[in-house]
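The values are calculated or read from the model by the stated rules, or taken from the named source; none is laboratory data. On a predicted model such as this, the values are computed, not experimentally measured, just so you know. When we count neighbours, we look across all protein chains shown, and the Cβ atoms used for this are built from the backbone with ideal geometry, even at glycine. Please note that ligands, DNA and RNA were not included when accessible areas were found on the heavy atoms of the full protein model with its side chains. Shrake-Rupley method; radii C 1.70, N 1.55, O 1.52, S 1.80 Å.
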Amino acid sequence: MVAGHSPRSLTTSSSQHDRLSPAPDSPRRPNFGRRLVSWRHGLLAIGAALGLGLTWGLPQPQYDRSIENMFAADDPVRLAYERLTRRFSANEIILAVYTDPNLFADDGAGLRRLSAIAQRLRESPGVRDVLSLAELNAALDKIDLARLFVSDATPPLLRDRPLARELLELFAGMTHGEDRQTAAIACLLEPRGEAAAPRRDTVESLRAVMRSLPPEIGAPGMITGEPVMVADGFRFVEQDGRRLAYVSTLLIAACIALVFRSLRWLAIPLLVVQLALALSNASLALMQSKITLVSSMTAAVLTVIGVAAVVHIIVGVRRGQAAGLSPQAAMEQAMSRLAAPIFWSAVTDAVGFASLTISAVGPVRDYGWIMAIGSLFVLPAVFLLTPGLALIGPWDRRPHRAWGEAKLDDSLAWSSRQIERHPRGLAISIVVAVLICIAGISRLQLETDFTRSFRQDNPLVQSYAFVEERLGGAGVWDIMLPAPRLLDEPYLQRVRNLESDLRSLQIGAAENAAKNATQRPGFTKVISLVDAIDVAGVSPALRWAPAEAKLQAMAATMPAFFGTLRTVEESPRGGDGTPQRQAWIRVMLRSHERQEAAQKQQLIAATRELLEKHFPAKDSEPRAEAAGFFVLLSELVQSTVRDQWRCFLLSAAGMMVALTIALRSMVLAVLALVTNAAPVLAVLGMTGWLGIRVNLGVAMIATVSLGLSVDSSLHFLFDYRRRRQDGVSRGEALSAVQQGVGRAMLFATGSLVAGFLVLTTSPFVPTATFGWLAALAMIGGVAGNLVVLPMLIHWLPDTFSAPPASDAADTSSLPS
């Protein structure tokens, strides 16, 4: 047995601990709590003024809805995408789809319905033009000379003629499905800077049209595309932000009410959180920062951080009042003893979140800044409001014991006895379990299908699945090829050779190939103006015309669409002062969105190799490159995963520094870091064993959870050091901390877990996944702090775990 630690001391109940008269703070210690209590009225007035003024006086932060801002400004993938949008202004397309069994009816009824729907879509705000079978039919009617000699009421596109067949083959998968029942209307959007309406208004207008199709069609239609995914994603994020903040607040309030049974102490943490949120939002507004795609959980996470801090104060106040102190004296003692751990908890939280700011992924980086600032604002919120709100008025000043808390006391005492009696067996079991879990990290797989960021019953996911099945792939991207001002046959042949290689490209994971799995084509559609030129050659009137004449004839029939396939970019002035003009053509690509990350990377790499083969980079020529939404999203999670270990190591290093300063002991800092890093890594490994793919939420969990989990270690070690400094033996100090701070840790962690579980209801899957994993990490963290940390302190030589007699107390660890 550990010296000075008897079984009887381990079974002391928490009520007895509460009634023990606490030793007064030494006069040599700066009594921070006394100052807070004496200034409580002024601090409360300042807090109330700040809260009301910031809530109503400043605009709320705006959302950044641009997909390219998810990447660093100098990221090559982002730069390529920006060049695509600059060169081909109408590069954004929304695909409207529906099913009509009579789409290809000989009487033209299906095409007439399609034409009417296309016209309604064309009139939607923000739409430049549309492309559908109706436009192809009209174009064919203009260039097919056979109509001059044959009288036929059948629409030209439905006649069994070579040009009609070639046009249908060329645009298959873009305007219609191979089943001849699926109609697709490509809506070409106006550039964002010139659009008559915001993208979300355009999306809602198009969606309204597709929900009110003619009764002959029956089922409503759907829309898909990058603008739809981005608009819907941010709409869910905005709804999430409000809903999660309300629900997490209500759920945590219910937990506090059940535990402490006090309306006053129910209101205090909630008001503290609201002030912290107001301060955080005000700072974002002043810095003109914008909320990004993963920021919907900001309010919910700040809520659990603020509530956890106040819960420790509640338990400290209750302990002081149970020992016979007046409410004012109990508050002074609690604030004096807890100021330092609360301060350093906020610092470690901020360090954990701030480490995300080195990420190359915009939403992760911005979320790190937002949460780091918000974590620090919990401090002024706690110190400004808590003393004044706790002591104002005579009613309900004392928080009560929770129902069943006696059983909790017995459980804590039992855990202390088990740690003392079976330290070696517990240690071996814990180490084996943690190592098994951590081994799962090697099995982690990336999730690059962005549609899986939404729940499977979401209309957006269903529309993408429909397009994947009926039109042969929803992954949209492009190739930009430098071109001569006048297209000649040698250049056209180079493009044809490239397209031929692209169409024959096969992909499949290496491990599948080893199992003789059938590989599939990488692209379901490859189309450029070169294909249109070749189709035009089928027409007798254009067969012998030059390439430029064929192209002009096709472009005259569908100017908006062909305008997206060719452009001339004006570059900075050359050496003689004249502007440099460079022509570009665009090869539009379609591939399956729902495929493995390795297959996507293989496809992108193979495409870049083919570009280098057919259009090798030369110093004198611009570079051919691939870009688009498919490439952006494929690189997004890849970048996040590459960054997560850098962020985690930076977070651990920053916390090591903060813990060493706070605890004035590198040894205790190492114990705290190991105790909390192990369960976080174990949870991350469990995602690998369970087959949970790495999305934005999973990629952030290790860094964020480490900062939140360390808070409990700080409260544990500060209280342990204070008791040792007061002359209590190691065993008795650990027992007392288990019964006192351990109880507060359980209450605070319960609030944390409740708040994070609210995130699991989010329709945005990365947020929901983050909620599940954060809750598990918090449970693992409190288990580590109640079992592993005391065990490690037991084994530590007493010279390391006992502070020097000259060491200052809790509040002396606060920066002066």
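Across the options Met229, Gly742, Leu542, the greatest Cα extent toward the positive end of the charge dipole of the chain (unit charges at beta carbon of Lys, Arg, Asp, Glu) belongs to Gly742.
Between the alpha-carbon centers of region 658-691 and region 84-122, tell me the distance in whole angstrom. First find each Cα centre; the distance between them is then 56 Å.
Identify, among Val434, Leu325, Leu338, the residue whose Cα sits farthest towards the positive end of the charge dipole of region 324-451, taking +1 on the Cβ of Lys and Arg and -1 on the Cβ of Asp and Glu, with the dipole about the Cα centre. With unit charges placed on the Cβ atoms, the residue in question is Leu325. Each residue was assigned an accessible area with a 1.4 Å probe, and for Met222 the value is about 50 Å².
Within the chain, antiparallel bridges make up roughly 90 percent of the DSSP beta bridges whose residues both belong there. In this Cβ point-charge picture (+1 for Lys and Arg, -1 for Asp and Glu), the chain has a dipole of about 2720 debye about its Cα centre.
Computed over the Cα atoms of the chain, pair by distinct pair, the Kirkwood hydrodynamic radius stands at 30.1 angstrom.
Going by alpha carbons, how many degrees (0 to 90, nearest 10) lie between the helix axis of 298-322 and the longest principal axis of the chain? It works out to around 10 degrees. Counting only protein heavy atoms and using a 1.4 Å probe, the accessible area of Thr607 comes to about 0 Å².
Taking chymotrypsin sites (Phe, Trp or Tyr not before Pro) in DSSP loop states with no more than 14 other Cβ atoms inside 10 Å as exposed sites, the chain has its longest site-free stretch at 545-816. The charge dipole of region 716-774, taken about its Cα centre with unit charges on the Cβ of Lys, Arg, Asp and Glu (plus for the first two, minus for the last two), comes to roughly 200 debye.
Helix content alone sets the calculated 222 nm mean residue ellipticity of the chain: runs of n ≥ 4 DSSP H residues at -39500 (n - 2.57) each, divided across all residues, give -20000 deg cm²/dmol.
From the cross-link list Lys142/Lys525; Lys525/Lys613; Lys142/Lys600, which pairs have alpha carbons spaced over 29 Å apart? Beyond 29 Å between Cα atoms: Lys142/Lys600. When every Cα-Cα distance of region 292-356 is counted in 5 angstrom steps from zero, the calculated P(r) takes the values 3, 16, 20, 19, 14, 11, 8, 5, 3, 1, 0 percent. Per residue, how many Å² of accessible area does region 167-295 show with a 1.4 Å probe? For region 167-295, the solvent-accessible area averages 40 Å² per residue. Going by accessible surface with a 1.4 Å probe and the largest first, Arg693, Arg443 read Arg443, Arg693.
Report, to the nearest 10°, how far helix 226-260 tilts away from the longest principal axis of the Cα atoms in the chain, using its own Cα long axis and a range of 0 to 90°. Helix 226-260 and the main axis of the chain meet at about 20 degrees.
Overall, the accessible surface of the chain at a probe of 1.4 angstrom is composed of carbon and sulfur to the extent of 59 percent.
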